[in-house]
Amino acid sequence: MKRDYYDVLGVSRDVGQAEIKKAFRKQARACHPDVNPDDPESEARFKELAEAYEVLSDEDARAAYDRYGFDGLRGRPMTDFDHVSFQDLFNVFFGGGMFDSVLRDARGAWGAAGGAAPAPRGDDVEVELELSFAEAVFGASKDVEVIADVACEACGGSGAAPGAGREQCPQCRGSGRVREVSNLGGFGQFVRTSTCPVCRGQGTIVAQPCETCRGTGRRRETRTVTVEVPAGIADGQRLRLGGEGGVGSQGGRSGDLFVRVSVTPDERFVRDGDDLIYRQDITMVDAALGTTVRVPALDGPIELEIPPGTQPGEVRVYRDRGVPHLQRRGRGDLKVVVNVQVPRHLSADQREALERFAALAGEKNYEPDQSFLDKVRAVFGA
């Protein structure tokens with residue numbers, strides 16, 4: 001189970017970027033295998049630190065993590081640190097490199113460690129998923145149609161004709177790289193290494209392409225993927241299903257499937273984060289005399305008592321009756337706002353009755369029993 005990123009770096013949640021970077025560099029140096037020759041876990045700890053730093057050093061990713069935990073990072077491109085060599089990572093952080101470059105290498109580009117390039121990673125695929133309000137609140141299991149590459153059955157994904165196989169690239173002799181040497185006169189030679197243009201860094205070529213896929217090793221197919229939607233997901237968020245995208249070529253890793261969620265608004269509630277807001281209309285007579293009304297809630301209706309003298313805009317808060325929190329226990333609140341309705345069209349008799357009431361009512365009837373600030377503090381728990 002993953003540890004909290006702040007605990008990994010040993011910092012509090014309110015620290016700035018300078019403190020995060022300082023904490024990372026301090027702990028990362030201590031994890032080098034040369035410093036811990038007898039500790040086989042030092043490399044794993046370093047990669048854990050790198051993952052935490054990748055998230056917390058990105059303002060957008062950090063904000064999503066602070067609010068929703070690990071679920072808030074679903075749908076964001078994340079480095080697969082299990083497939084990045086320790087030395088590459090350490091050189092980037094402490095050898096003058098840039099962090100973004102190693103992330104590009106880890107996400108599928110050819111790194112600078114040498115040897116043939118890894119097999120090409122499959123394409124990422126994004127689909128839209130429409131959810132009802134209830135499905136977003138309580139979670140659901142939904143099927144989505146995905147159009148993505150799959151391995152060619154005729155050649156088993158190799159791209160070569162059956163029985164032909166792949167052959168060593170004659171240009172780079174299997175290394176995946178070619179070298180170009182430039183003479184700089186009295187200053188020596190400049191050697192530039194680049195990806196082999198013939199095999200595109202793979203080190204092998206297809207001499208006899210498969211007729212079915214024309215040497216690509218892949219074909220398009222529509223398939224159904226079941227998505228487990230977590231309770232409390234919000235409109236516009238994305239879910240990431242690792243390895244459910246297009247298949248990679250020559251045995252490369254499959255891409256990821258990103259599911260963008262669209263939630264149908266509810267006619268009753270307005271969602272504010274994980275809180276729900278409901279407007280309860282009552283007449284001015286009920287507000288003055290008091291009454292009892294039934295308020296809808298996610299877990300069934302609530303009996304709301306309206307005491308005599310209830311004022312417009314008063315808010316009643318029901319704790320833990322809102323939307324479930326993502327990646328943590330508990331729920332938001334249900335806030336019921338009282339809206340007092342005033343009659344728009346009065347008959348002569350109604351007007352006369354109200355005028356008699358106005359004459360009988362004194363200023364004491366309208367004196368507030370609680371200040372506006374006190375009401376605000378009561379609602380928000382200040």
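Looking across the range 45-75, just one residue is on the phi > 0 side of the Ramachandran plot and at pLDDT below 80, and that is 75.
Give the residue that is surrounded by the most Cβ atoms within 10 Å (Cβ to Cβ), with candidates limited to residues of the range 293-323 that are within 19 Å of residue 134 (Cβ to Cβ) and of a type in the set (Gly, Ala, Ser). Residue satisfying both the conditions and the ranking: 322. Residues that are surrounded by 10 or more Cβ atoms within 10 Å (Cβ to Cβ) and either more than 24 Å from residue 277 (Cβ to Cβ) or modelled with pLDDT of 95 or more (or both) within the range 356-375 comprise 356, 357, 361, 365, listed in sequence order. Among the residues making up the range 182-201, a single one is modelled with pLDDT of 75 or more and among the charged types (D, E, K, R): 200.
Confirm whether residue 275 is within 30 Å of residue 144 (Cα to Cα) and touching a strand residue (DSSP E or B) at 6+ places or on another chain (Cβ under 7 Å). Criteria met by residue 275.
Restricting attention to the range 210-226, the residues being surrounded by 18 or more Cβ atoms within 10 Å (Cβ to Cβ) and either in a strand (DSSP E or B) or of a type in the set (Val, Ile, Thr) (or both) number 1. Restricted to the range 160-181, and to residues there that are surrounded by fewer than 16 Cβ atoms within 10 Å (Cβ to Cβ) and assigned to a strand (DSSP E or B), the residue that is modelled with the lowest pLDDT is 181.
The sole residue among 273, 313, 290, 309 that is among the small types (Gly, Ala, Ser) and under 24 Å from residue 136 (Cβ atoms) is 273.
The values are calculated or read from the model by the stated rules, or taken from the named source; none is laboratory data. Keep in mind the model is a prediction, meaning the values are calculated, not measured. A quick note on method: Cβ atoms are made from the backbone with ideal geometry, for glycine too, and the neighbour counts reach across all protein chains shown.
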